[in-house]
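One structure is given below, encoded as structure tokens.
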Amino acid sequence: MSDLVKFNPSAEEQKLIRNSFAREATDAEFSVLMKVAILRNLNPLLKQIYFVKMKGVWTFQVSIDGLRALAQRTGQYGGQDEPVFAYDDKGQLLSCKVAVYRKDWLKPAVGVAFFKEFSSGQNLWVSKPHVMISKVAEAIALRKAFPEDLSGLYGEEEMEQSAAPARATVIVDDTPTAEPHLKSEPGDWDEESLSAEHIELLISGAQNTEDLLKVAQEANKLPKGQKRDALKAQWNKRWLEVAKK
């Protein structure tokens, strides 16, 4: 864990990443995407995280390699079994099951993915259906095994049938255990205010309370209203989650 190399791209590397993966993103949009990648310590150049535009909104998707890296970094990843496939009486692929092990758990976390629920019927889902559905099952198992580190992180294989962008939703006990750090009035910051969608991405990418306090500064710039209230609720839930680590 102490030898972990942090993803801290230089200006030249960021330019390469933008030209390669987010050419159409605005400066503000790309800044948010890079903040998420840096906070999660996932490298776009290593294909651990992808930047995608869905319904006009830039968001991120994490590859199966990125999920595996995050699981390995916890120090509790104990490996996994080979995928187990199920077929109907005509030999058609029905589902896949993958078991992921934690060193501190007696039983594995099992992810089950049904082919019809995820297949887009195009591209690799046609030519390599077993590979695709096994990635989905593994991602489900990894999130079940490491919810505090992988909550809200989804891959392209899981989102192809979804009409909505991948969003991070953390479901935890709503009983407050920490004072909200979002101020009642916007702070006095010189930087241009980020959109609510961008702040939502930053909240989902926060790995500790220090990160969340920085995000709170951006959220405080938003005008009062439903969007700010929703972000405050999401921020508080994320705070409770990272504070347990």
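The values are calculated or read from the model by the stated rules, or taken from the named source; none is laboratory data. Nothing here was measured: the structure is a model prediction, and the numbers come from that model. In this analysis, Cβ positions are derived from the backbone assuming ideal geometry, glycine residues included, and neighbour counts consider all displayed protein chains.
Summary of computed values
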| item | result |
| --- | --- |
| Lys128 being loosely packed, with under 13 Cβ neighbours inside 10 Å, under 16 Å from Ser63 (Cβ atoms) and basic (Lys, Arg) | yes |
| Members of segment 45-83 found to be of a type in the set (S, T, N, Q), surrounded by fewer than 19 Cβ atoms within 10 Å (Cβ to Cβ) and touching a residue at least 12 places away in the same chain (Cβ under 8 Å), listed by number | Thr74, Gln76 |
| Only one of Glu148, Glu138 that is modelled with pLDDT of 80 or more, closer than 20 Å to Tyr77 by Cβ and out of contact with any Ser or Thr (no Cβ under 9 Å at 6 or more places or on another chain) | Glu138 |
| Criterion (buried (at least 21 other Cβ atoms within 10 Å of the Cβ), in a loop (DSSP other than H, G, I, E, B) and either of a type in the set (S, T, N, Q) or modelled with pLDDT of 50 or more (or both)) met by exactly one of Leu201, Leu222, Leu194 | Leu194 |
| Some residue of segment 85-93 being within 22 Å of Phe118 (Cα to Cα) and of a type in the set (Gly, Ala, Ser) | yes |
